[in-house]
Amino acid sequence: AHAPVIGPKEAAVTLVEFIDPACEACRAMYPYVKTIMKKHPNDVRLVIRYVNFHTQSEEAIRILEAARKQNQFETVLEVLLAFQPAWAPHHKEGVDPWLFVAKTDLNIEQAKQDALNPQIADLIALDMADVEAAGVQKTPSFFVNGEPLKLMHPDPLLEMIETALKAAQQTAH
């Protein structure tokens, strides 16, 4: 209930993505997830769960949560992922990620205040407990209606979703 959700509440398929905003593989998979969501706008709900594996992840999660308060979550997620190589380069210092989200419609001053909310640390801790409980060891990790994606590739992910959609349609009839 605490996680960001994209898509209709009553969708037949729930896609849960454990995402680390500073993860290169998460960045690489995001366009495929977006394509799946566009292909099935009424039938798939995406639930985002945060993973805090990389050094720069917590700040990015704080920015995303601040953006969510302003209904700018998706826009800011896309910006952070697009400019991830600049703010989350591996093995060196990155650029301040606020520089990139400042170009969005986000009220930056309010977002910077909201990002300091101590409840965000609780949210991260809750998601990290679920990371452990679900056995997530790498990001991104996907679950389709509770079933884990075994092979990290866009094709098996789409196949799992379409299989789940067919099963839901058969159950509905």
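The values are calculated or read from the model by the stated rules, or taken from the named source; none is laboratory data. A quick note: this is a predicted structure, and the numbers were derived from the prediction, not measured. Methodologically, a virtual Cβ is constructed for each residue, glycine included, from the backbone with ideal geometry; neighbour enumeration extends over all protein chains shown. Protein only, heavy atoms only, side chains kept; ligands, DNA and RNA dropped before computing areas. Shrake-Rupley method; radii C 1.70, N 1.55, O 1.52, S 1.80 Å.
Observations, loosely collected:
- Hey, D122 acidic (D, E) and under 29 Å from K150 (Cβ atoms) or not: no
- The requirement of being touching a residue at least 24 places away in the same chain (Cβ under 8 Å), part of a loop (DSSP other than H, G, I, E, B), loosely packed, with under 13 Cβ neighbours inside 10 Å and among the hydrophobic types (A, V, I, L, M, F, W, C) is not satisfied by L106.
- Residues of segment 116-162 that turn out to be among the acidic types (D, E) and within 16 Å of the chain's Cα centre (by Cα), as a count: 2
- Matching residues in segment 109-135 - criterion: being farther than 17 Å from L64 by Cα and assigned to a loop (DSSP other than H, G, I, E, B): G135
- Note on segment 158-173: residues that are more than 15 Å from A11 (Cβ to Cβ) and in contact (Cβ under 8 Å) with a residue 24 or more places away in the chain total 1.
- Criterion: open to solvent by 20 Å² or more (accessible area, probe 1.4 Å) and part of a helix (DSSP H, G or I) - qualifying residue of M152, M160: M160
Every residue, every condition in (1) aliphatic (A, V, I, L, M); (2) modelled with pLDDT of 95 or more, yes or no:
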site	(1), (2)
H2	no, no
E10	no, no
E17	no, yes
T55	no, no
I63	yes, yes
V76	yes, yes
F83	no, yes
A88	yes, no
V95	yes, no
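- Qualifying residue in segment 134-143 (condition: under 25 Å from I36 (Cβ atoms), at pLDDT below 95, open to solvent by 30 Å² or more (accessible area, probe 1.4 Å) and among the small types (G, A, S)): yes
- For N117: the one exception among (1) closer than 19 Å to V16 by Cα; (2) in contact (Cβ under 8 Å) with a residue 12 or more places away in the chain; (3) among the polar types (S, T, N, Q): (1)
- Test for Q119: is it loosely packed, with under 15 Cβ neighbours inside 10 Å, under 18 Å from A3 (Cα atoms) and of a type in the set (S, T, N, Q): yes
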